[in-house]
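Working notes, beginning with the structure itself.
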């Protein structure tokens, strides 16, 4: 099966995603997919087959359905692929919120005693953070397109984890215990690590 000008083809088991730059090309490729399926005794499930037009500037092509061989494919504004939600505005904001609130926090609470243990060095705590928590939060981040708000949210989460690891600091003036400031975290360890990973991994 040869697709016309395909930019990217994602396949996992029986899930297939075809990415293209125009509805016209997508339609041609769907026709090819339907024909190839018939030749191999397979049928494309119209109820499970959707298409989505992604855009950032608020403009979208006015095409509500793609119809091939009397099969209509529904246009959607969002869908999940491999448990990750994708939206027509290419926004990852809700997914990041969900990752940090549920997965990230749940993972942290399962190892919090190790991260803040006085029996282990801070370096070991940081390594556990990198190997146990970050992979859960950043799984699939290579495909993320971040806004400044999302970058800030990731930084806040990263700093909060590092504060739990390094603990409080006694203020030199008041002699009272306080949380480490962001600049102090940067001196101890790059608190931008979680953001750096999403940009350059």
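The values are calculated or read from the model by the stated rules, or taken from the named source; none is laboratory data. Predicted model, so just to flag it, every value in this text is computed and none were measured. With ideal geometry, Cβ positions are generated from the backbone for all residues, glycine too; neighbour counts draw on all protein chains shown.
Observations on the model:
- Residue that is closer than 30 Å to residue 19 by Cα and loosely packed, with under 14 Cβ neighbours inside 10 Å, where the choices are 100, 119, 138, 148: 148
- Flag if residue 159 is in a helix (DSSP H, G or I) and either at pLDDT 85 or above or within 22 Å of the chain's Cα centre (by Cα) (or both): yes
- Any chance residue 66 is at pLDDT below 80, surrounded by 14 or more Cβ atoms within 10 Å (Cβ to Cβ) and touching a helix residue (DSSP H, G or I) at 6+ places or on another chain (Cβ under 6 Å): yes
- Residue satisfying all of: in the stretch 128-156; modelled with pLDDT of 85 or more and out of contact with any helix residue (DSSP H, G or I) (no Cβ under 8 Å at 6 or more places or on another chain); farthest from residue 92 (Cα to Cα) among these: 131
- The stretch 69-102, residues that are in a strand (DSSP E or B) and in contact (Cβ under 8 Å) with a residue 40 or more places away in the chain: 73, 81, 84
- Which numbered condition residue 173 fails, given (1) closer than 18 Å to residue 104 by Cβ; (2) modelled with pLDDT of 85 or more; (3) outside any helix (DSSP H, G or I): (1)
- In this entry, residue 185 is excluded by the filter for residues that are outside any helix (DSSP H, G or I), at pLDDT below 85 and not assigned by TED's automatic domain parsing to the domain that holds residue 75.
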